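The values are calculated or read from the model by the stated rules, or taken from the named source; none is laboratory data. Small disclaimer: the values here were computed from a predicted structure and weren't measured. When we count neighbours, we look across all protein chains shown, and the Cβ atoms used for this are built from the backbone with ideal geometry, even at glycine. Please note that ligands, DNA and RNA were not included when accessible areas were found on the heavy atoms of the full protein model with its side chains. Shrake-Rupley method; radii C 1.70, N 1.55, O 1.52, S 1.80 Å.
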Amino acid sequence: MTALKSNLAKIDSLMRQLDLVKHITESGYWVTTDELGLLLDLEGSIANSLKFKELLFSFTWRNFICTHISCQGNFRYWSIAKQVANHETRIDEQVKIPEIQTKELTEIASNGQQSNSLMFSAVPSKTQPTEAIFLQDSCAPTTQTEEVLPSHFAQIENFLTPAQVQNLIKYVLEREAKFEPTSNSANDPNYRRSSFLPVFPEFSELIVNRIRDMMPYIITYLGLPSFTVGAIESQLTAHNDGNYYKIHNDNGSPDSATRELTYVYYFNRQPKSFSGGELLIYDSKIENNFYVGASTYHTVQPLHNSIVFFLSRYMHEVLAVNCSSKHFANSRFTINGWVRRT
């Protein structure tokens, strides 16, 4: 009888906990990391892992998903959402947050991984391509001096469906003769080397519409103040052997001042026949009321069928591409552009 009463007490405690989590979910309240640990009764190692720089931005607890939403001062805030019946968690119609089990949280904490971002496998969707998120902690502690402002970015995998990517590659290769040399505002021939396709309406519309649909999610996830999205620009670029783009930002002139976010969508023939071409996103410092690049940076790999978002004011560069065949078809291709505010 004593054992039965003890078990019933445990079940009653669990029901109270689940009801409280459900209430917070339905109310839309945010909770701090410490409050989340108490609410879910997380083990110490798991709760502590949520405070590290390489924290997981979302994880599942029973049939709920907890997602890092915002930083305010020294506090991280989380939202809790109930998962749908097929275990696919949707933040909006375009991007799915990966499903992460608490066991994986423990492994991350115990392994002490050191990286600026983490890649997760996403929950498969019957109607959309599988997606994963590479996200840097928007408010991670830093060992740098206070003058250095860490840069933040988001990289999403499987941005287009496999069929769309194959059609895009076919489209680009058929138009090799229409590619033109790129230029730069400084008119320095040694500052940037690549080629671009001036007009590609069949795919620019697809990319722009896809980006516009996911803007509310990206703005929230990067912790940016809300802004009204205006024009979204795009260009199709090819980097072949020896091509590069030296350090620069994308909104340093009067005609580009309204560029808020820069995006780069990567694609290439499989298997990949080039190396290099990494994107370096520099941390920032403020000097004479201007943002300038710091000496520290984050390296983003040009992953096939992935897209990267970051602030246009960040200094960034593209490292030289190595493509021994020098064949255009083996290039590092991108559709890159800018999201303007109105």
Being in a helix (DSSP H, G or I), farther than 13 Å from Phe309 by Cα and free of Cβ contacts under 8 Å to residues at least 24 places away in the same chain is the filter here, so list the residues in region 191-223 that pass it. Pro201, Glu205, Asn209
Just give me the residues in region 297-322 being surrounded by 17 or more Cβ atoms within 10 Å (Cβ to Cβ), among the hydroxyl-bearing types (Ser, Thr, Tyr) and in a strand (DSSP E or B), in sequence order. Tyr297, Ser306
Just to check your reading of the model, which residue among Pro271, Pro254 is free of Cβ contacts under 8 Å to residues at least 24 places away in the same chain and either crowded, with 17+ Cβ neighbours inside 10 Å or farther than 28 Å from Pro225 by Cα (or both)? Pro271
Scope region 333-342; condition open to solvent by less than 10 Å² (accessible area, probe 1.4 Å) and not small (Gly, Ala, Ser); matching residues: Phe333, Thr334, Ile335, Val339
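Residue by residue, here is whether (1) modelled with pLDDT of 95 or more; (2) over 16 Å from Ile156 (Cα atoms) holds:
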| residue | (1), (2) |
| --- | --- |
| Pro271 | yes, yes |
| Ser275 | yes, yes |
| Val292 | no, yes |
| Val321 | yes, yes |
| Phe328 | yes, yes |
| Ile335 | yes, no |
| Arg340 | yes, yes |
Every residue in region 258-296 that is under 18 Å from Ala238 (Cβ atoms), hydrophobic (A, V, I, L, M, F, W, C) and more than 20 Å from the chain's Cα centre (by Cα), please. Phe274
Quickly run through region 161-190 and pick out the residues that are part of a loop (DSSP other than H, G, I, E, B) and buried (at least 16 other Cβ atoms within 10 Å of the Cβ). Phe179, Thr182
